[in-house]
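Structure, as structure tokens:
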Amino acid sequence: MKMKLMMAVPCGLLLAAIPLAASAAGPALPGYGADLSQTTVSGISSGGFMAAQLATAYSSLVKGVGVIAAGPYDCASTYPGQSPLQNAVTTCMSPFSAAVGPSAAVSWRSAQRRAQEGTIDPVANLARQRVYVFSGASDATVRTIVVDQVAEYYRLAGVPQDAILYRRNEAGHAIITAREQDAACAETRAPYINNCGFSQSAELLTHLSGTRSRPAATGPLTGIIIKFDQREFIKGSRSSMDEAGYAYVPRECQDNACVVHVAFHGCQQGASQLGERFYMGTGYNEYADANRMIVLYPQVRPSGGIPPNPKGCWDFWGYSGEDQHRPDFQTRSAPQMAAVVAMLQRLGQPRAAAAAAAP
């Protein structure tokens with residue numbers, strides 16, 4: 001190896017201390033005695049679909065969800081006459097009109113049915129979630145008529161109107177920052193991180209946190225980035241998850257119980273393609289520093305064979321299931337969601353207990 005891997009380093013030393021080779025998995029994820037009772041999730045594009053899925057499938061765990069440029073729960077099952085993949089790339093992205101787009105009512109019925117079957121958590125939990133939704137008018141990748149159904153889905157689930165924040169502006173397909181070095185607001189191009197003059201992650205987390213929220217930190221970050229081995233959490237051979245994942249742990253969370261937020265990158269935004277750009281450049285860590293919050297950044301990588309995932313997208317149409325005739329991407333048994341929940345459970349373990357249990 002060219003460089004010694006480190007489990008945790010100050011953020012200012014990240015580039016010098018941790019090489020970003022996808023094959024270098026890192027050590028086991030430690031426990032931090034985290035408070036999982038206020039867990040929230042968010043994501044952009046395929047990560048937004050994943051956040052929507054996890055928030056419904058594991059609604060007993062998730063207290064708030066942010067869906068950026070993505071559609072509602074189980075969108076890829078909208079039209080049974082089409083395969084989940086066909087739904088995903090047409091219905092759930094850029095349909096010709098709302099009439100052939102996703103339906104919040106169909107998604108809600110799917111959630112109710114799966115809850116009755118016991119493959120997801122009870123849907124009654126959804127009514128207590130706080131919800132952030134975002135769509136850009138210049139986004140031709142996932143059109144606003146698709147994103148509209150996320151807000152409607154949560155209205156059907158009984159979420160109070162004041163708990164749903166639906167933000168729209170002129171943005172392209174991207175997560176939004178206020179950093180001059182990022183792409184212009186209305187553009188849609190890699191790395192899909194656009195400067196629209198505000199920190200979307202801070203706006204999102206402020207809404208999901210409610211009265212507990214403090215303004216994001218403006219000075220140097222105090223915490224550390226943990227690079228950890230995701231492989232112990234992955235079941236099956238088709239997950240397309242990377243060997244390494246990341247977490248940001250503020251200084252106050254290294255000795256105190258903190259809440260956790262899961263931030264899902266979008267297609268072509270994983271560390272194997274962007275390095276640290278997503279997990280260090282989208283503003284989540286600045287908010288976390290001021291609000292005693294650990295941010296978990298699970299990772300997916302591109303796969304050109306089996307499973308077919310050439311752009312490194314999270315699975316919202318079924319490529320990760322071992323039984324391709326019975327898709328389970330929207331249930332608790334979905335390999336990617338189950339892995340992320342196992343990571344959360346590890347963060348919630350006492351520090352000493354987690355260290356002793358790690359392989």
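Before moving on, here are some points about what is shown:
- Rolling a 1.4 Å probe over the protein heavy atoms of the chain, with every protein chain left in place, gives an accessible area that is 55 percent carbon and sulfur.
- Residue-wise HN-Hα coupling along segment 271-287, computed from phi with Karplus coefficients 6.51, -1.76, 1.60 (Hz; x: Gly, Pro): 5, 5, 10, 10, x, 8, 4, 6, 7, 10, x, 10, x, 4, 5, 5, 5
- Electrostatic dipole magnitude of the chain [Cβ: Lys, Arg +1; Asp, Glu -1; Cα centre; debye, to 20]: 300
- Helix-derived mean residue ellipticity, 222 nm - over the chain, DSSP H n ≥ 4, -39500 (n - 2.57), to 500: -7000 deg cm²/dmol
- Listed by number, the DSSP H helices of the chain that run 15 Å or longer by alpha-carbon position along their axis and have mean Kyte hydropathy of at least -1.0 are 46-57, 144-156, 335-348.
- Accessible area per residue for the chain, computed on protein heavy atoms with a 1.4 Å probe, is 38 Å².
- Over the chain, equivalent-ellipsoid semi-axes from the Cα gyration tensor in Å: 29, 22, 21
- Interchain or long-range residues, amide H under 5 Å from GLY66's placed H: VAL41, SER42, GLY43, TYR132
- Residues whose amide H comes within less than 5 Å of that of CYS267, counting only those at least five positions distant or on another chain, are SER46, GLY47, TRP314 (H built at 1.01 Å from N in the peptide plane).
- Shape call, segment 261-359: gyration tensor on alpha carbons, a/c limit 1.5: oblate
- Our note on the geometry: Cα centres of segment 143-198 and segment 39-92, 15 Å apart.
- The residues packed around GLN268, meaning those with a beta-carbon under 14 Å from its beta-carbon, carry a net charge of +3 if Lys and Arg are +1 and Asp and Glu are -1.
- Pairwise label distance in nanometres, SER37 with SER97, each label 7 Å out on the Cα-Cβ vector: 5.1
- Applied to segment 75-91, the Karplus parametrisation 6.51 cos²θ - 1.76 cosθ + 1.60 on θ = phi - 60° returns per-residue 3J(HN,Hα) values of 4, 6, 9, 4, 10, x, x, 10, 5, x, 5, 4, 4, 4, 8, 10, 3 Hz, with x for Gly and Pro.
- Each Lys or Arg adds one and each Asp or Glu takes one away; over the other residues whose Cβ falls under 9 Å from the Cβ of CYS258, this sums to -1.
- Under Karplus coefficients 6.51, -1.76 and 1.60, residue-wise ³J(HN,Hα) of segment 238-247 in Hz, glycine/proline x: 10, 5, 6, 7, 6, 5, 10, x, 9, 8
The values are calculated or read from the model by the stated rules, or taken from the named source; none is laboratory data. Just so you know, these numbers come straight off a predicted model, no measurement behind them. Virtual Cβ from ideal backbone geometry, glycine too; neighbours counted across all protein chains shown. What goes into the accessible areas is simple: the full protein's heavy atoms, side chains included, and nothing from ligands, DNA or RNA. Shrake-Rupley method; radii C 1.70, N 1.55, O 1.52, S 1.80 Å.
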